[in-house]
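Take a look at the structure set out below.
Laboratory data are not the source of any read-out in this text; all were calculated from the coordinates shown. Worth saying up front: this structure is predicted, and the values here are computed from it rather than measured. So basically every Cβ, Gly included, is an ideal-geometry build from the backbone, and we count neighbours across all protein chains shown.
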């Protein structure tokens, strides 16, 4: 394994670091000011327009794409990983400014891999252009959705249409006024084998019978894109909206989640790096009991532990990315599960230390740490909770001794 950046990744990394310094970080206060001034937590701040134009101009648009398109020659997972890390330093702005934010990235991958030419024309291309946004409707309030086969939402064929009934929640992106399409996972055949009961289908957000019940806060924070509870009642869409084949939903979900977990983990590492940087700056400039906090033994221990943990997590994530590039998602399954547990937990520890070093300011909105902690804490649940990934790891480990 060679984790040196390729010439392509190094060039993009240099460009992205400059873009972050010159455009993203200075725009962070304006982002919050524009949302607050609108009175709508899901308002799309005007600041995104110039940020997106600059990202396109610099060739930083749709970096997540692994295949060649008119926007990019495509990047391997190992090439994209250090770029995702950088965007994680400003998770509210940078990913969206580069058209590399979830859940759109995963949805675009699904449409690229499994969508028909007609589906791609109608939905994929506007997403790639950043003209619309999307949501992924899988999780349900009535069942333990950590086991995707528990899903109860029904997708029933009726002539040339499918009829959808069910309730979903934590549907990220659904409160954004630009959200035009959902990729919904539901059951088409409850009597089929367990992993062939589910299918995925495209549901335009303005379809009759789609009702957004509420947008859910995360530890009191109402995220711009929203995380919604949605009721689907006798929702009818054309049969041509089915993605792939009936019964293929579970396999499509697995294909979607692999790259997404790498992206989430690298952004987590970026957040941890920023938290460590904020902590070091804070303790260097604050004095307690007659000397700078940076000279206190416990503070130095926090800094050392944070640096070691970040480096360990990054190496494991880069290994997972390298394996995905060389042997595929299935061959990297152990490492993907491992990073999904290791990285968010690491980031939370680093951010928690930074909060402690900031004192009362750490839990306020004067610094980004509290919001970072709230957002990353959800990743111990999203894309499979820690316990599911630990279960998979233990199962594979024990298989050697069966």
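Over all alpha-carbon pairs of region 175-322, lay out the pair-distance distribution in 10 Å bins, whole %, shortest bin first.
Reading the bins upward from 0: 9, 22, 25, 20, 13, 8, 3, 0.
To the nearest 10 degrees, how steep is helix 7-19 against the longest Cα principal axis of the chain, on a 0 to 90 scale?
70
With a/c under 1.5 counting as rounded, go ahead and sort region 133-243 into rounded, prolate or oblate using the C-alpha gyration tensor (a ≥ b ≥ c being the square roots of the eigenvalues; past the cut-off, prolate if a/b is larger than b/c, else oblate). Each step should come with its number before you reach the end.
Working: a/c = 2.24, a/b = 1.37, b/c = 1.63.
Oblate is the answer for region 133-243, as a/c is 1.5 or above yet b/c matches or exceeds a/b.
Can you sort 266, 1 by how many other beta carbons sit within 10 Å, fewest first?
1, 266
According to the square roots a ≥ b ≥ c of the eigenvalues of the Cα gyration tensor, what is the shape class of region 250-399, taking rounded for a/c under 1.5, prolate for a/b larger than b/c otherwise, and oblate for the remainder? Write down the numbers at each step before the final one.
Numbers: a/c = 2.79, a/b = 2.28, b/c = 1.23.
Cα axes put region 250-399 in the prolate bin.
Expected output is a single nm value to one decimal: the length gained when fully extending between residue 312 and residue 356, i.e. 0.36 nm times separation in residues minus the C-alpha distance. What is it?
Full extension from residue 312 to residue 356 adds 13.6 nm.
Arrange the following residues from fewest to most other Cβ atoms within 10 Å of their Cβ: 23, 43, 67.
67, 43, 23
Fully extended, how many nm does the chain gain between residue 73 and residue 112 (0.36 nm per residue separation, minus their Cα-Cα distance)?
So the chain would gain 12.5 nm between residue 73 and residue 112.
Evaluated at 25 °C with a viscosity of 0.890 mPa s, what Stokes-Einstein diffusion coefficient in µm²/s does region 7-115 have when Rh comes from the Kirkwood expression over alpha-carbon pairs?
169
Using 7 Å Cα-to-Cβ label points, what is the residue 25/residue 46 separation (nm, one decimal)?
In this crude label model, residue 25 to residue 46 measures out at 2.6 nm.
With the crude spin-label approximation of a point 7 Å out along Cα→Cβ, what separation in nm comes out for residue 160 versus residue 38?
Between residue 160 and residue 38, the simple spin-label model gives 3.8 nm.
Quick one: helix 77-87 against the long Cα principal axis of the chain, what's the angle to the nearest 10°, folded into 0 to 90?
60
Assuming 1.002 mPa s and 20 °C, estimate D for the chain with Stokes-Einstein, Rh taken as the Kirkwood radius over Cα pairs, in µm²/s.
Numbers: Rh = 22.1 Å.
For the chosen part, D equals 97 µm²/s.
How fast does region 38-179 diffuse by Stokes-Einstein, in µm²/s, taking the Kirkwood radius from C-alpha pairs at 20 °C and 1.002 mPa s?
Approximately 126 µm²/s, per Stokes-Einstein.
Any chance you could run the full-extension gain for residue 298 through residue 286? It's 0.36 nm times the residue separation minus the Cα-Cα distance, nm to one decimal.
2.9 nm
At q = 0.18 Å⁻¹, what log₁₀ I(q)/I(0) does region 19-80 have when each alpha carbon counts as one equal point scatterer in the Debye sum?
-0.75
Once label points are set 7 Å from the Cα along Cα→Cβ at both residue 146 and residue 54, what is their separation, rounded to one decimal in nm?
Inter-label distance under the simple model: 4.2 nm.
With the cut-off at 1.5 for a/c, could you classify region 191-277 from its C-alpha gyration tensor as rounded, prolate or oblate?
Oblate.
Determine, for 111, 369, the number of other Cβ atoms within 10 Å of each Cβ, and report the residues in order from fewest to most. Present the calculation step by step, with values, prior to reporting the outcome.
Values: 111 23, 369 28.
Placing the least packed residue first, the sequence is 111, 369.
Between helix 104-114 and the chain, what is the angle of the helix's C-alpha long axis to the longest principal axis, kept within 0 to 90° and rounded to the nearest 10?
The angle comes out near 40 degrees.
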